[in-house]
Amino acid sequence: MKLLKSIPLLGWVLVAIVLGVLLGPVMPVWLGSLFLTYNSIFSGFLSFVVPLIIFGLVAPAIAELGKGAGKWLGITAAIAYGSTLCAGLLAYFVSRWLFTQSLSGGGLEAIGEGSGSGFEPFVSVVTSAGDSATEIVLPPALDVMTALVLAFILGLGMTAFRSKVLFRGVVEFRTIIEMVIRRIVVPALPLFIFGIFLDLSASGSAITVVSKFLLVAVVSFALTLVVLLIQYSIAGAMNKRNPLTALWGMRDAYFTALGTSSSAATIPVTLASAKKNGVSDAVAGFVVPLCATIHLSGSMVKITCFSIAVLLLTGGDVNFGAYFPFILMLGVMMIAAPGVPGGAIAAAAGLLGQMLGFGEVEVGLMFAAYIALDSFGTATNVTGDGAVAMIMQKLTKGKLGAQPQSDEDEIVELADGSQSKAHQLGE
């Protein structure tokens, strides 16, 4: 039992993919249908909970970006968002350039629409009423865009009016949502991914998907290195330092993140590495913990590359005008994403369905691809935090200290004894 618990999420996902590919052609129809029933139930639950995830993460994140930390918090957040956005744009254009010819017309246009595997769920969970007696209707309490707009309205309202009660409510709701992701969604993913590859293998599509995704994985990894080079070129130029030397100075943080797959767990190492690059204690202590939760350029690269690949394989629309709004909104979701394995892709799942039209199978493939490269994305995220710290070192001249708190700010004590601060909007 201890051995099973010691296996990381990536290990379970890889086992699920391999077993799904191998067992699909020989799986009895009744057993395959049982696994697809599980997939239908989990997919229905995910559709229900995704808008709640978006609201629960975005509203308190906006409320916490207020007056208490002064203007430097807003500047740091803007730099982090800009870096994440540029990473997404780079990934989009490179993916269009490299993948359009090799992945277009991949023969998976009917993916998720009855692929010929012969497996059918005994009971389906759907979001709207249909004609089948085997369907369970579970409509979401909110749709994705409604949840996002509502989160913005309440988040900005809480910063403006310092509503202590409402702020405490959304912060504790975020705790519930993070628990749902950590204890329900993430543990359920390997079996969900197994069912998807079982179905694809039985229909003869699994080998095509895996082989084409290997190319995308290689390109995604290469792009994360390019993103780091760009970030450190800018930071090095501003601080008159060799960017390669500065990037090499963050090697401990990079390799630690490869092992932990957690930005939060790597913070002590990231702090020490940033200080070796000439960042003052004050700036490093402010920027690194903040960017560990709001700067996810590596995650943006992965999600963009694999979503473009899925759209090309399934005949979706990859034109810039149709895709750019997704990048803009994905940047916001990356800022609010929880720091748990698979948290970023769980937060992005609603946008994938709402803005790109992804169904159950496409979302499942995104989860599998994201988790397979999770360590490299996390390593890129935390290493990029060092570049942001160097930029802030130049802007603040290394004298960023504790910002004076406003008397009007509210300190909210949560049920677990921790504290969070409701800030006032503006300077």
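Quick notes on this one:
- Across the range 196-287, counting alpha-carbon atoms alone, Rg and Dmax equal 18.7, 58 Å.
- Packing rank of 308-316, 208-216, 45-53, where each peptide gets the mean count of other beta carbons within 10 Å, highest leading: 308-316, 45-53, 208-216
- Fully extended contour minus Cα-Cα distance, from VAL29 to VAL123, at 0.36 nm per residue: 32.4 nm
- Cross-link pairs exceeding 32 Å between alpha carbons, from the set LYS212/LYS394; LYS212/LYS276; LYS71/LYS276; LYS212/LYS240; LYS164/LYS397: LYS212/LYS394; LYS212/LYS276; LYS212/LYS240; LYS164/LYS397.
- On full extension, the segment bounded by VAL226 and MET145 gains 25.9 nm, given 0.36 nm per residue less the C-alpha separation.
- Most to least accessible of LYS302, LYS397, LYS164 (protein chains only, probe 1.4 Å): LYS397, LYS164, LYS302
- Column: log10 I(q)/I(0), Debye, Cα scatterers of the range 124-229, q = 0.23 Å⁻¹: -1.16
- In the context of the full protein assembly, ARG168 retains an accessible surface of approximately 100 Å², using a probe radius of 1.4 Å and ignoring ligands and nucleic acids.
- Taking all protein chains into account, the per residue accessible area for the range 202-294 stands at 45 Å² (1.4 Å probe).
- Amide H to amide H distances under 5 Å link GLU135 with SER124, where only residues 5 or more positions off or on other chains count and H is placed in the peptide plane.
- 3J(HN,Hα) along the range 93-98, derived from phi through the Karplus expression 6.51 cos²θ - 1.76 cosθ + 1.60 where θ = phi - 60°, amounts to 5, 5, 5, 4, 6, 8 Hz, with x in place of Gly and Pro.
- The listed residues CYS291, CYS86, once ranked by accessible area (1.4 Å probe) with the largest placed first, stand as CYS86, CYS291.
- Accessible surface ranking that places the most exposed of SER95, SER104 first, with a 1.4 angstrom probe: SER104, SER95
- Pairs of Cα atoms in the range 254-294 fall into 10 Å distance bins, from 0 up to the last occupied one, in shares of 33, 54, 13 percent.
- The range 259-399 - percent of accessible surface contributed by carbon and sulfur, probe 1.4 Å: 60 percent
The values are calculated or read from the model by the stated rules, or taken from the named source; none is laboratory data. Because the structure is a prediction, the values reported are computed rather than measured. All Cβ positions, glycine included, derive from the backbone under ideal geometry; neighbour counts span all protein chains shown. These area figures cover heavy atoms from the full protein model, side chains too; ligands, DNA and RNA do not enter into them. Shrake-Rupley method; radii C 1.70, N 1.55, O 1.52, S 1.80 Å.
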